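Beneath this line is the structure, given in structure tokens, with notes to follow.
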Amino acid sequence: MKHVIRIALMVLFIPMAASAQWQFAGVFPDSTTITTSHGLAVDAENKLWNAPYYGRTDIEGFTRVNVVQVWNEDGTEAEFSPLFGSETGDTTLYFGALTGITAAPNGHIYVTSHGYRSFAEGASNPTNAIQTHAFIHVFDTDGNSIEVVDITNMRLETTSHAPNRPAVTSDGFVAISYVFPASPITIYDPNDNWSVLNLVTDNKQGFSRSLGISNDGTKVFNPIDVQYDDNGIPGHIQILEGDVFSEYTVSQPLAIGAPAGAIAQYPNSEIIYFSSGGVASDGSIDAQEPWLPSTNYGISLNSMEIVDEFTWNYGEATAYRIPRAIAFSPDGLTAYVGSFNSGTLNIQKFTRSEPVSIERGGEIANGFTLEQNYPNPFNPTTTISYTLGDAGMTTIRVYDMIGRVVATLVNQEMPAGTHNVNFNAANLGSGIYLYELTSGNVRLTNKMTLVKIGRAHV
């Protein structure tokens, strides 16, 4: 299957101050955390799952055994933690290096591993067996093994055998790739014996440790860490748009210059978070301006703006790695960030008193709506209708596709209720524009299309 890859638009986003702030809530749960986190996930019961790349747990006289750690919301260890691998019949397939973890919409936990471990009689340490194999382990929220899938032979030829963090749609389709470039991004159907449903790309660009996908499968997010991609673009998020049953094409790259080591979707929203670069032991910084090192940015997929950010707590450390994992509680009020080789500060917890503004395709639960403009497409005038659940300072701005404000339609105190505002785009060129309603903590965005007819000859 051959797919056409094209660059539609390049956008460099400038961070914006968030209206509400995350508060650092300390190291979670304590300094006993294994310090090589390669993935975090929060399940429906608010338990935090940690997938460290290397283990430090002893079992049956062996050391450095790779395990998945699980904690309850209060920081106590879950009854079934740690997990050493997947149960396959009467035996256990012990984890190799753990490379990612995801809490899927169906409630299951998906863990990826690079190879597996074997225990030789009389040896002091387990061996890394068949490192060229890649596995997906599926667990329920009680730590019970549902299935383990060897995906090694379910992909095109590639030199990479380390799968990255998987991503799962609301229909249960699993998107996965491998850390190194030239690996395909593949979508599997677990309901059809993990058959290959589609190839997002024949050859993935850039070095990446995680993968994201929208709930409906129309957008795949490939965060490229440190290395340049095939087009010479430094660290960024590559977006591929399409359908799980058809072709994907490359859309606009996000966050150019911010090598993204982790990515996660904010609950019940059209906001994704990514981590920027870090500070190495020699003091060098991976992230390029304006991106801050070891900072987690939230991007609205509607307005394509930075709507939120929070930064790794330095403490007494002067050097740290790129965060490798971001995870949110189901209510969006707690965030966990994992970093690779950061000593006892491996997992940090952040909290906030209210969720980041929830975007739901123009409508929000507390009575705020932003309707589709009418007519649409338009030339050159159109009407925008909106409803305010509460009175307050309200703005409606229009943006072009590179994030510039081209018009401010409303900027004043407005009463609750339904309102209309007209937009005249006579001075603008044809194309797609974004219009955004901001009122209090609510931010809603829609798209509209201006199609101009050529000037008549008199």
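Side notes on the structure shown:
- Sum of side-chain charges, Ala325 neighbourhood, beta-carbon under 10 Å (Lys, Arg +1; Asp, Glu -1): +3
- Count Lys and Arg as plus one, Asp and Glu as minus one, and take only other residues whose Cβ is under 14 Å from that of Gln23; the net charge is then -1.
- Near the amide H of Val179, within less than 5 Å, lie the amide hydrogens of Ala162, Asn164, all on another chain or at least 5 residues away, with H placed in the peptide plane.
- Projected label points at Asp30 and His133, each 7 Å from Cα along the beta carbon direction, are separated by 3.7 nanometres.
- Extension reserve of the Ile285-Asp140 stretch, reckoned as 0.36 nm per residue once the Cα distance is removed: 48.3 nm
- A straight Cα-to-Cα reach below 28 Å connects Lys204 with the lysines Lys2, Lys219, residues fewer than 8 places away in its own chain not being considered.
- Here's how it looks for Ala25: its modeled amide H is under 5 Å from those of Lys349, Phe350, Thr351, which are all 5 or more places away or on a different chain.
- Peptide packing for 292-300, 271-279 was compared via the average number of neighbouring C-beta atoms within 10 Å per residue; ordered from the highest value, the list is 271-279, 292-300.
- For Gln252, distant residues with modelled amide H under 5 Å away: Ala8, Leu9
- Scalar couplings 3J(HN,Hα) for the stretch 100-109, obtained by applying the Karplus form with A = 6.51, B = -1.76, C = 1.60 to θ = phi - 60°, are x, 7, 9, 8, 7, x, 7, x, 7, 10 Hz; x denotes Gly and Pro.
- For Lys47, the lysines whose Cα falls under 17 Å of its own Cα, not counting residues fewer than eight places away in the same chain, are Lys349.
- Net charge contributed by nearby residues that have their C-beta within less than 12 Å of Ala335 (K/R +1, D/E -1): -1
- Residue list for the stretch 405-432, given a label point 7 angstrom along the Cα-to-Cβ vector of Asn379 and an amide N cut-off under 18 Å: 423-432
- Spin-label model, Thr408/Thr351: points 7 Å from Cα along the beta carbon direction are separated by 3.7 nm.
- The string of couplings for the stretch 293-307 from the Karplus curve (6.51, -1.76, 1.60, θ = phi - 60°) is x, 6, 10, 9, 10, x, 10, 6, 6, 8, 8, 6, 10, 6, 10 Hz, one whole number per residue in order, with x for Gly and Pro.
- Across the stretch 381-397, computed HN-Hα scalar couplings (Karplus, 6.51 cos²θ - 1.76 cosθ + 1.60, θ = phi - 60°) run 10, 7, 10, 10, 9, 8, 10, 9, x, 9, 5, x, 4, 10, 10, 10, 10 Hz from first to last residue, x flagging Gly and Pro.
All of the numbers you see were taken from the coordinates with simple rules; none came from a lab. Here the structure is a predicted model, which is why all the values come from computation and not from measurement. As a convention, Cβ positions derive from the backbone with ideal geometry for all residues, glycine included, and neighbour counts pool all protein chains shown.
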